[in-house]
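Presented below is the structure to which this report refers.
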Amino acid sequence: MEHDRTQTRAWVLHPEIKSDEQRRVPGPALEEAVALAAALPDLDVIGSDVVRLPRAQPGYLFGSGKIEELGERFHDAEVELVLIDGPVTPVQQRNLEKAWNVKILDRTGLILEIFSDRARTREGVLQVEMAALSYQRTRLVRAWTHLERQRGGLGFVGGPGETQIEADRRAIDDHLVRLRRQLQKVIKTRTLHRAARAKVPYPIVALVGYTNAGKSTLFNRLTGAEVMAKDMLFATLDPTMRRVELPDGPEVILSDTVGFISNLPTELVAAFRATLEEVLGADLIVHVRDISHEDTEAQAQDVATILTSLGVDDERPGLEVWNKIDLLDTDDREAALARTERDPEIFAISAVTGEGIDSLLAEIAVKLQGARREDTLTLGFAEGDKRAWLFRQDVVRSEKQTETGFEITVLWTDRQAAKFASI
């Protein structure tokens, strides 16, 4: 039988382990895992299964009967790669590869592959490479030799000549040190860029949400930017910033961020913290949800959990956007619209058709106007540094000289006021 050898024939397994307290609904979990695999152009997903287990077997993950049954299926279908939607230990990976004569990749490895394929900026590439090396460091088996052709991203992913990096932990540690130095330089540059933006007192609005919720489509509609917006998980990995003038409101900087996902590997949360710093500095966080997804409530909880882990507190102004209402049936659509009428913090929209966008923009303007307040400050002649800082921030509305110094009226945010207090 002839197959397209430019793609790797893959099979997706979602282990549903009864003893796992964090287990997800099997159907949606398997669909998400297949969508993850489909996000890699190198893979041809030819099959998928939910495998129910009372508990994970330490050596092989699955029981002997299930291993034999699956092995026959993989052999008949000429499967080359099995993607297991969950954690797989190095021992389990090595044993399963021998038993099935295929390559094994777990959920963390797959997400790392996708991140390496999607990262575009220098910072994104460095962050992915560091996360991948940290992941590989714990493994004595080769994780990525199933993809033979070199592609963009990490450079070493799938490279048959890079096995020494995977095997030699000392080499990995040395490489990590070099990457951290490079990353620090990149982060310092981004800090300077943020400082430059701070001089122009535009509020920052950050779009956050579960991956594939429609953030990039909404971003494109609001800004006219050609950001990658596909029906694909992790389509956006690097933050994209654009200036937007709100109707009858302030000018803002809109930030499109990487989508969140359940069970995001801890290595990646740490590695992408700098990318998500735009969220930490935002004046307003807009949580975009795919309200048509059957698992939308669980996705929303995952987003909230990750935001909390990043240090975003409940006091940060925010809005919730129920996107993709154009995909709902009549009853669900009416229920969603009725809920948004009761809750002024929720907006039902379609980023594709534009429905509900005007109301959302109007509320964003109201929220951001409220985020700035007017204060009157009294500064002595000796406090020239503070006075200069206020003018650099472009928050001064008026200034009057007195016998002892200056009386200055400012329009600023709580964050700017806190920064001023620390000078």
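The values are calculated or read from the model by the stated rules, or taken from the named source; none is laboratory data. All figures in this text were calculated on a predicted structure; none of them were measured in a lab. Every residue, glycine as well, gets a Cβ built from its backbone with ideal geometry; the counts of neighbours run over all protein chains shown.
In this structure, is Val88 touching a Phe, Trp or Tyr at 6+ places or on another chain (Cβ under 6 Å), assigned to a loop (DSSP other than H, G, I, E, B) and buried (at least 16 other Cβ atoms within 10 Å of the Cβ)? So Val88 fails the test. Among the residues of the stretch 370-407, those identified as surrounded by 15 or more Cβ atoms within 10 Å (Cβ to Cβ) and either in contact with a Cys (Cβ under 9 Å, 6 or more places away or on another chain) or not hydrophobic (A, V, I, L, M, F, W, C) (or both) are Arg372, Glu383, Lys386, Arg387, Gln393, Glu399, Gly405. Scanning the stretch 355-369 for any residue that is surrounded by 13 or more Cβ atoms within 10 Å (Cβ to Cβ), touching a residue at least 60 places away in the same chain (Cβ under 8 Å), charged (D, E, K, R) and closer than 30 Å to Thr217 by Cα turns up at least one such residue. Consider the stretch 103-133 and keep the residues that are in contact (Cβ under 8 Å) with a residue 40 or more places away in the chain and closer than 28 Å to Ser19 by Cα. The one that is surrounded by the most Cβ atoms within 10 Å (Cβ to Cβ) is Leu112.
Just one of the numbered conditions (1) among the hydroxyl-bearing types (Ser, Thr, Tyr); (2) without any contact (Cβ under 8 Å) to a residue 24 or more places away in the chain; (3) under 17 Å from Leu268 (Cβ atoms) is not true of Ser64: (3). Would a scan of the stretch 219-234 turn up a residue that is closer than 19 Å to Val303 by Cβ, at pLDDT below 85 and touching an Asp or Glu at 6+ places or on another chain (Cβ under 8 Å)? Yes, the stretch 219-234 contains a residue that is closer than 19 Å to Val303 by Cβ, at pLDDT below 85 and touching an Asp or Glu at 6+ places or on another chain (Cβ under 8 Å). Would you check if Val79 is within 34 Å of the chain's Cα centre (by Cα), outside any helix (DSSP H, G or I) and not charged (D, E, K, R)? For Val79, the condition - within 34 Å of the chain's Cα centre (by Cα), outside any helix (DSSP H, G or I) and not charged (D, E, K, R) - is met. Only residues that are farther than 17 Å from Ser422 by Cβ, in a loop (DSSP other than H, G, I, E, B) and within 42 Å of the chain's Cα centre (by Cα) were counted in the stretch 379-400, giving 1. Out of all the residues in the stretch 47-67, is one or more surrounded by fewer than 16 Cβ atoms within 10 Å (Cβ to Cβ) and at pLDDT below 85? No - not one qualifying residue is present in the stretch 47-67. Tell me, yes or no, whether the stretch 41-62 has at least one residue that is assigned to a helix (DSSP H, G or I) and not assigned by TED's automatic domain parsing to the domain that holds Asn212. No: the stretch 41-62 contains no residue that is assigned to a helix (DSSP H, G or I) and not assigned by TED's automatic domain parsing to the domain that holds Asn212. If only residues of the stretch 109-138 that are basic (Lys, Arg) and not in a loop (DSSP other than H, G, I, E, B) are counted, the one that is nearest to Ala38 (Cα to Cα) is Arg118.
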